[in-house]
Amino acid sequence: MKFFKSVLSPETCDVTLKELQSKTHKDCWLVSSMCWQQEIRQGIQGAAYQTYVSESLHTKIKDEIKDFLPEHKSLSIQHYIWDCNSGIAYHNDSVYTFGATIYLNKEWHINQGGLFVYQENNEQKVYVPEFNSMVLNDDKSWHLVTPVSVYAGKFRTTLQIWGNSN
């Protein structure tokens, strides 16, 4: 796992959050409980919602994070809204060359759940989401996201990015 801070410009962060807000009432969302494989939903009661970013935002984000990413031929970027009790079971993103997450909540406390847990050197480590930081999984490390607390008081929001070299 690789971790980067301040990956997007303040302008791109604002545009991303505005686009996310504008899409919240549109009929464009996929629901994890209906489209994710059963293995990655194991033990998870809530649902995460996902939709693709606009073409113009995709271009902005891609340009700003290109130096952090491994070589790739295709790149997919989606908005994710993690509702209470949503998370994702232990998996390794093996179908992609790499996966990355950019965290969009300006404040997130460890007690709110939605923690990123990953394996490194046969140890489990935890990363608490931090605004405008990015986690890059380019070595197919096993990881999960703990369920978001019902007491979180807000959704956990991210950009999910997948790259493929074929």
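Things to note:
- Check on Leu8, in contact with a strand residue (DSSP E or B) (Cβ under 9 Å, 6 or more places away or on another chain), in a loop (DSSP other than H, G, I, E, B), crowded, with 18+ Cβ neighbours inside 10 Å and of a type outside the set (D, E, K, R): yes
- Flag for Val150 being of a type in the set (Val, Ile, Thr), open to solvent by 20 Å² or more (accessible area, probe 1.4 Å), in contact with a Cys (Cβ under 7 Å, 6 or more places away or on another chain) and at pLDDT 95 or above: yes
- Hits in the range 153-166 - residues which are open to solvent by 40 Å² or more (accessible area, probe 1.4 Å) and closer than 13 Å to Asn105 by Cβ: Gly153, Lys154, Phe155
- Checklist (1) over 15 Å from Ala100 (Cβ atoms); (2) β-branched (Val, Ile, Thr); (3) out of contact with any Phe, Trp or Tyr (no Cβ under 8 Å at 6 or more places or on another chain); (4) not in a loop (DSSP other than H, G, I, E, B) applied to Thr16, failing item: (1)
- Cβ-Cβ under 7 Å pairs, at least 6 apart or on other chains, the range 33-52 side within 17 Å of Gly113 (Cβ to Cβ), far side open to solvent by less than 100 Å² (accessible area, probe 1.4 Å) and part of a helix (DSSP H, G or I): Arg41/Ser32; Arg41/Ser33; Ala47/Ser32; Ala47/Ser33; Ala48/Ser32
- Residue count for the range 39-59 satisfying the condition of being in contact with a Ser or Thr (Cβ under 6 Å, 6 or more places away or on another chain) and farther than 24 Å from Phe155 by Cα: 0.
- Pair list, Cβ < 9 Å and 6+ apart or interchain, from the range 115-137 residues that are in contact (Cβ under 8 Å) with a residue 60 or more places away in the chain and among the hydrophobic types (A, V, I, L, M, F, W, C) to residues that are part of a strand (DSSP E or B) and open to solvent by 80 Å² or more (accessible area, probe 1.4 Å): Met134/Lys2; Val135/Lys2; Leu136/Lys2
The values are calculated or read from the model by the stated rules, or taken from the named source; none is laboratory data. Here the structure is a predicted model, which means the values were calculated and not measured. Ideal geometry is used to build each Cβ from the backbone, glycine not excepted, and the neighbour counts take in all protein chains shown. Side chains included, ligands, DNA and RNA excluded: accessible areas come from the protein's heavy atoms. Shrake-Rupley method; radii C 1.70, N 1.55, O 1.52, S 1.80 Å.
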